[in-house]
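Taking it in order: structure first as structure tokens, then the write-up.
The values are calculated or read from the model by the stated rules, or taken from the named source; none is laboratory data. All figures in this text were calculated on a predicted structure; none of them were measured in a lab. Using ideal geometry, Cβ is built from the backbone for each residue, glycine included, and neighbour counts are taken over all protein chains shown.
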Amino acid sequence: MKRLGVIFILFLAFGGLADSAYLAQHETASNPLICNIQNLSGCNIVAQSPYSQIFGIPIAEYGILFYVIIFVIAALELVLFDRLLRRVLQFFAIGGTIASLYFTFLQIYVIQAFCIYCLSSAVITLFIFILASFIEPFRKKMSSPPSESPHLSMPPAA
């Protein structure tokens, strides 16, 4: 079951990588994004906002780095099946989920526009986090307490 979860993480990381690469390609070429799905037509507003870059680097490029790291760790975990790799995967998934929540918050309350690609990335990251939690639970189940071991008792003093 753990291997199946890691395989799903690989597919999700690939999808997130494609999503981030599409955004980064449009950012570097300065082309408008194709985005017209009901109320989620604010992709270009979000992409051109001052919040779309950190230290002058587009967030989409950070997304590419994030998904490549997730993909590589998951691929290594499939080969090595190592608990440390699963914990590192969880660490990155937690970080990505926190970042996605922050960027979604910015879209809702600050920019007041929605980007379908950004929201897709947030959902992908959330699913990666959920799967990473299942493949290596954060807390082990408590085993039943040991039964009392028989002990010798001293006879009462005379």
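Observations on the model:
- Any chance Ala47 is surrounded by 15 or more Cβ atoms within 10 Å (Cβ to Cβ) and either among the polar types (S, T, N, Q) or at pLDDT 90 or above (or both): no
- Contacts under 6 angstrom Cβ, first residue in region 12-40 being outside any loop (DSSP other than H, G, I, E, B), partner at pLDDT below 85 and of a type in the set (A, V, I, L, M, F, W, C), 6 or more apart: His26/Leu33
- Residue in region 65-75 that is modelled with pLDDT of 85 or more and within 18 Å of Ile116 (Cα to Cα) present: yes
- Only listed residue being touching a helix residue (DSSP H, G or I) at 6+ places or on another chain (Cβ under 7 Å) and either basic (Lys, Arg) or closer than 14 Å to Ile128 by Cα (or both), chosen from Ile45, Ile94: Ile94
- Of residues in region 65-85 being crowded, with 20+ Cβ neighbours inside 10 Å and in contact (Cβ under 8 Å) with a residue 24 or more places away in the chain, the one farthest from Gln48 (Cα to Cα): Glu77
- Count of region 92-130 residues which are part of a helix (DSSP H, G or I) and over 14 Å from Tyr67 (Cβ atoms): 16
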